[in-house]
Amino acid sequence: MQQRRLGNTGLEVPAIMLGGNVFGWTVSEADSFRLLDIAFDAGLNFIDTADVYSRWAAGNRGGESESILGKWFARSGKRDRVILATKVGMDMGDGKLGLAPKYIQQAVEDSLRRLQTDRIDLYLSHKDDEKTPLADTLSAYERLIRQGKVRFIGASNYTGARLREALETSSKNNLPAYRALEPLYNLVERESYEADLAPAVAEYRLGVIPYFSLAAGFLTGKYRSQADLKGKPRAAVAGKYLNARGLAVIEALESVAREYNSTPARVALAWLIARPGITAPIASATNESQLGDLVEAAQLNLDRASIEKLSTASAPVAA
């Protein structure tokens, strides 16, 4: 499995990050254990989750994904060979949200308990909290790092301006800095990352682990009409790409996939892996076939012509 350096953390990680949002949501506990075993054996030992996964599902309260991972760590003994990321800040109900120091301290203890571990390799602010001064949030993370409960910190769902402000706050106050960014970025969602976030990423040498790498499944090519979306958990998200541009991207993906005897999903991930500054796209899998796509994508090296074909088809529409 191709390995990459995660920004300036010193961590060596595979070129694909396994998304844990499906564990306890669209994948049962038993199937999650099976998929985690297969993924680990294939070299996918970089795993993303969050405290809020999957609070949105009927009957769930949040913490389901972390709890399943914790049980897997306990039964497999593989925690020390996994690079684990989780997140804090989204609404967990009962006023549990945001990035205030007191809440971060409570949330990390809850995550550690569910994950059955004593530390988190990468702890991310799941979204910006403008009500809490950046220095306060970063000071809270400093305490966790000093306590050995967190190794590195990162950010997700920040604007370029706020990300830069956070990084400058770290520098001015001698506080820990965000070392990684988890942005929305894929072939049909390019503009906000490339125009707003990429400059700060390059300047501060952040590792980048994009989420929604397959645009909620749209980039697999399985959604061609509104009829294809019926009954699918992510239909509302994937459906917004069913337009002329989106279908042109699918056509380009299929063309490149035929050239490489591959699949649209693998090619879409390989395009992301080839983008400047990208460390490892995040992608989840609900079955062995999808896991196979992730493993193959990490080993698929697209030539310049293929990358250009995909980049042209997916170019953001001028305002």
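May I ask you to say which residue of ARG114, ARG119 is under 30 Å from ALA15 (Cβ atoms) and in contact with an Asp or Glu (Cβ under 7 Å, 6 or more places away or on another chain)?
Details: ARG119 fails: in contact with an Asp or Glu (Cβ under 7 Å, 6 or more places away or on another chain).
That would be ARG114, the only listed residue that is under 30 Å from ALA15 (Cβ atoms) and in contact with an Asp or Glu (Cβ under 7 Å, 6 or more places away or on another chain).
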Residues satisfying the stated conditions in the range 136-183, i.e. over 20 Å from ASP48 (Cβ atoms), of a type in the set (Ser, Thr, Tyr) and in contact with a Leu (Cβ under 9 Å, 6 or more places away or on another chain): THR137, SER139, THR159, THR169, SER170
Tally, over the range 259-286, of residues that are out of contact with any Asp or Glu (no Cβ under 7 Å at 6 or more places or on another chain) and either under 13 Å from GLY217 (Cβ atoms) or part of a helix (DSSP H, G or I) (or both): 13
Candidate set from the range 197-214 (those that are in a strand (DSSP E or B) and not small (Gly, Ala, Ser)); member that is surrounded by the fewest Cβ atoms within 10 Å (Cβ to Cβ): TYR211
ARG61 being more than 16 Å from the chain's Cα centre (by Cα), within 14 Å of ILE120 (Cα to Cα) and either surrounded by fewer than 21 Cβ atoms within 10 Å (Cβ to Cβ) or at pLDDT 95 or above (or both): no
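To keep it simple, each residue is scored yes or no on (1) among the aromatic types (Phe, Trp, Tyr); (2) out of contact with any helix residue (DSSP H, G or I) (no Cβ under 9 Å at 6 or more places or on another chain).
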residue: GLU12; (1), (2): no, yes
residue: PHE33; (1), (2): yes, no
residue: ASP41; (1), (2): no, yes
residue: ASN45; (1), (2): no, no
residue: ALA50; (1), (2): no, no
residue: ALA57; (1), (2): no, no
residue: ARG61; (1), (2): no, yes
residue: LYS71; (1), (2): no, no
Any hit, the range 34-51, residues being part of a strand (DSSP E or B) and of a type outside the set (Asp, Glu): yes
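Is it the case that the range 117-132 has a residue that's among the β-branched types (Val, Ile, Thr), within 28 Å of ASN45 (Cα to Cα) and in contact with a helix residue (DSSP H, G or I) (Cβ under 8 Å, 6 or more places away or on another chain)?
Just the residues of the range 117-132 that are among the β-branched types (Val, Ile, Thr), to begin with: 117, 120, 132.
Imposing the further condition that a residue be within 28 Å of ASN45 (Cα to Cα) reduces the set to 117, 120.
Pick out the ones that are also in contact with a helix residue (DSSP H, G or I) (Cβ under 8 Å, 6 or more places away or on another chain) and you get 117, 120.
The answer is yes, given that some residue of the range 117-132 is among the β-branched types (Val, Ile, Thr), within 28 Å of ASN45 (Cα to Cα) and in contact with a helix residue (DSSP H, G or I) (Cβ under 8 Å, 6 or more places away or on another chain).
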Lone unmet requirement of (1) surrounded by 20 or more Cβ atoms within 10 Å (Cβ to Cβ); (2) part of a helix (DSSP H, G or I) for GLY239: (1)
Subset of the range 20-30 (residues that are surrounded by fewer than 23 Cβ atoms within 10 Å (Cβ to Cβ) and touching a strand residue (DSSP E or B) at 6+ places or on another chain (Cβ under 9 Å)): ASN21, GLU29
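Surrounded by fewer than 16 Cβ atoms within 10 Å (Cβ to Cβ), within 16 Å of LEU187 (Cα to Cα) and at pLDDT 95 or above - does that describe any residue in the range 256-274? Steps first, please.
So in the range 256-274, the residues surrounded by fewer than 16 Cβ atoms within 10 Å (Cβ to Cβ) come out as 258-259, 261.
Now narrow it down to the ones that are within 16 Å of LEU187 (Cα to Cα): none.
The answer is no; no qualifying residue exists.
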Total residues in the range 163-196, condition part of a loop (DSSP other than H, G, I, E, B) and either more than 18 Å from PHE218 (Cβ to Cβ) or among the hydroxyl-bearing types (Ser, Thr, Tyr) (or both): 5
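The values are calculated or read from the model by the stated rules, or taken from the named source; none is laboratory data. This structure is a prediction, so every number in the text was calculated from the model and none was measured. Cβ coordinates were reconstructed from backbone atoms using ideal geometry, including for glycine residues, and neighbour counts include every protein chain displayed.
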